[in-house]
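Peer 1: Structure in C-alpha cells, see below.
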Amino acid sequence: MDAPAISFSSAPVQAHHRDRTRRIRTVLKPTAQPTASISDSPGTAAVDYCLAYHVLEGAEAAARKRDTATFNWYRAHPDANASALSTSTAVGPRVVLTPDLDRLPRSAISETPYYVLGPDTTAAPPNLQELAAAAYATGANNGFADLLAGHAVVVCLLRHKQLGDTLDSWTITRLPGTIYCDHVNEPLVLARDLIHEAGHNWLNDALNATACEISDEVRFYSPWKKTNRPAFGFLHACFAFPLTMIYTARVLPGTSGDLYRFLTAYLEQQRSLLATTATDHDRALALITDPTLRKRLRSVHREALSL
C-alpha cells in the first residue's frame, strides 16, 4: 500500500514556473508567442520551466563564445531536445544523464560543477535509466510524487560508489529542477537523495514565488555544517534533511541486511542532528513572511522531529 502523499502543490510556484518559462522563451524568440505552448498542467509546466533554464544557460554561453550554430540550436529546441533523451518514470518523462565529472564546467554561476543540456547530450546507459526509474517509483510510492514530478526533472548521475561511502549531491539555483548526485546500485538510496535535492529546488522556487526575502543578518547553528549559517541555508537544511528522514522511516520496514543497517544508521544520525535545531527553527521561521510557506516548513520539520 502506498504511503500518504505529502502535498507540494503550490499555486504561486506553478504561476512562477509558467511566468519564468514565458519570459525565457520571449528572450530567445521575441517575435514568437510562447504562451500558446506553455501548459497549464503543473507537471508539464515544471518540466518546461526546468528545460527553459537549460536552454537559456546554453544559449547565453554560446552567445558569449560567438558560437552561432549552437545558439541557433537552442533557439530551435525550446526543450533542449529532452523529448529524445527522456526516460519513462512513475512521475512522467525524466532526463537521466551520466556526464563525465572531470569535464563538467565550473564558472561564476556555481561553486560546484554543473552540466547543461546541449546538442551533444546523450542519455544515460539503460541500466542507469532503469535505476533512476526505480528510484522515482519508490519515491512516488512513499508520498513524494508531487515533489519529484515538479522539482527533479533532469538528473545527472555522477560517480558510482559503494553502499556506506560518502555520497555527494547538489543543485544550483541557475538550473532549477536539475539534480547532480553520486549513486549506488540501490534505488531506495537514490530516491532518498533525489528527494533531498528536489526539496532544495522546491524551497528555492517557493521563496521566489512568494517574494520572501530572508535577512542574512541573523545566523543559526547548523549541525550538518557544524557552523553558524544565514537563515536561508539553515532553513534549507531544516527542510531537505527532514524530507529524507520521513522517506527513510517509511521505506525502512521493507528493507533488510546491509541496506537496513545503512538506512537505520542514517535515520539515527539525522534524528540526533535535527533535535538540536528545534528552538532555532522557530526563530528562523519568523523570517518567512508568507504564512502558507511558513506553515509547510514547520509541518515537515515537526513530523521529522516526531520520528
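Peer 1: Excluding same-chain residues fewer than 8 positions from residue 29, which aspartates and glutamates have a Cα within less than 20 Å of its Cα?
Peer 2: 19, 48, 57, 60, 67, 79
Peer 1: Under a Cβ-Cβ cut-off of 13 Å, what is the net charge of the residues other than residue 183 that fall near it, where Lys and Arg count +1 and Asp and Glu count -1? Numbers along the way, then the final one.
Peer 2: Working: positive: 159, 161, 192; negative: 130, 165, 168, 182, 186, 193, 197.
Summing Lys/Arg as +1 and Asp/Glu as -1 gives -4.
Peer 1: From largest accessible area down, sort 235, 305; use a 1.4 Å probe on the protein chains. Walk me through the numbers on the way to the answer.
Peer 2: Details: 235 5, 305 70 Å².
Listed by decreasing accessible area, they come as 305, 235.
Peer 1: Need one number: % antiparallel among DSSP beta bridges in the chain, to the nearest 5. All intermediate terms of the calculation are to be shown ahead of the outcome.
Peer 2: Working: 9 of 17 bridges.
Counting DSSP beta bridges with both partners in the chain, the antiparallel share is about 55 percent.
Peer 1: Now for a separate question. Let me check something: with ligands and nucleic acids excluded, how do 29, 65 order by accessible area (1.4 Å probe), largest to smallest?
Peer 2: Numbers: 29 85, 65 160 Å².
Most to least solvent-accessible, the answer reads 65, 29.
Peer 1: Determine how large the accessible area of residue 70 is when every protein chain is in place; take a 1.4 Å probe and give Å² rounded to the nearest 10.
Peer 2: The accessible area of residue 70 comes to roughly 30 Å².
Peer 1: Translational diffusion coefficient of the chain at 20 °C, 1.002 mPa s, Stokes-Einstein with Kirkwood Rh over Cα pairs, in µm²/s as a whole number. Please report the intermediate quantities before stating the final value.
Peer 2: Working: Rh = 20.0 Å.
Diffusion coefficient, whole number: 107 µm²/s.
Peer 1: Then there is this: First select every other residue whose beta carbon is under 15 angstrom from the beta carbon of residue 64; then total the charges, Lys and Arg +1, Asp and Glu -1. Let's see the in-between values first.
Peer 2: On the way: positive: 65, 66, 174; negative: 57, 60, 67.
Residues near residue 64 contribute 0 overall.
Peer 1: Please report the spacing between the Cα centers of region 103-164 and region 236-307 in Å, no decimals.
Peer 2: Region 103-164 and region 236-307 have Cα centres spaced 22 Å from each other.
Peer 1: Which of 187, 77, 292 sits closest to the plus end of the dipole of the chain, meaning its Cα is farthest towards the positive end, when Lys and Arg get +1 and Asp and Glu get -1 on the C-beta?
Peer 2: Checking the options against the dipole of the chain, the answer is 292.
Peer 1: Quick one: net charge of residue 19's neighbours, Cβ under 12 Å, K/R +1, D/E -1? Display every interim value, and only then the final one.
Peer 2: Details: positive: 18, 20, 22, 23, 25; negative: 48, 205.
Cβ neighbours under 12 Å give a net charge of +3.
Peer 1: Sticking with this structure for a sec: Tell me the per residue accessible area of the chain using a 1.4 Å probe; a whole number in Å² is fine. Display every interim value, and only then the final one.
Peer 2: Details: 14280 Å² over 307 residues.
Dividing the accessible area of the chain by its residue count gives 47 Å².
Peer 1: Roughly how many percent of the accessible protein surface of region 134-281 is carbon and sulfur, given a 1.4 Å probe and a whole-percent answer?
Peer 2: Details: 2540 of 5480 Å².
Exposed carbon and sulfur together represent 46 percent of the surface.
The values are calculated or read from the model by the stated rules, or taken from the named source; none is laboratory data. As the structure is a prediction and not an experimental result, all values here were calculated from the model. When we count neighbours, we look across all protein chains shown, and the Cβ atoms used for this are built from the backbone with ideal geometry, even at glycine. Heavy atoms of the whole protein, side chains included, go into the accessibility calculation; ligands, DNA and RNA do not. Shrake-Rupley method; radii C 1.70, N 1.55, O 1.52, S 1.80 Å.
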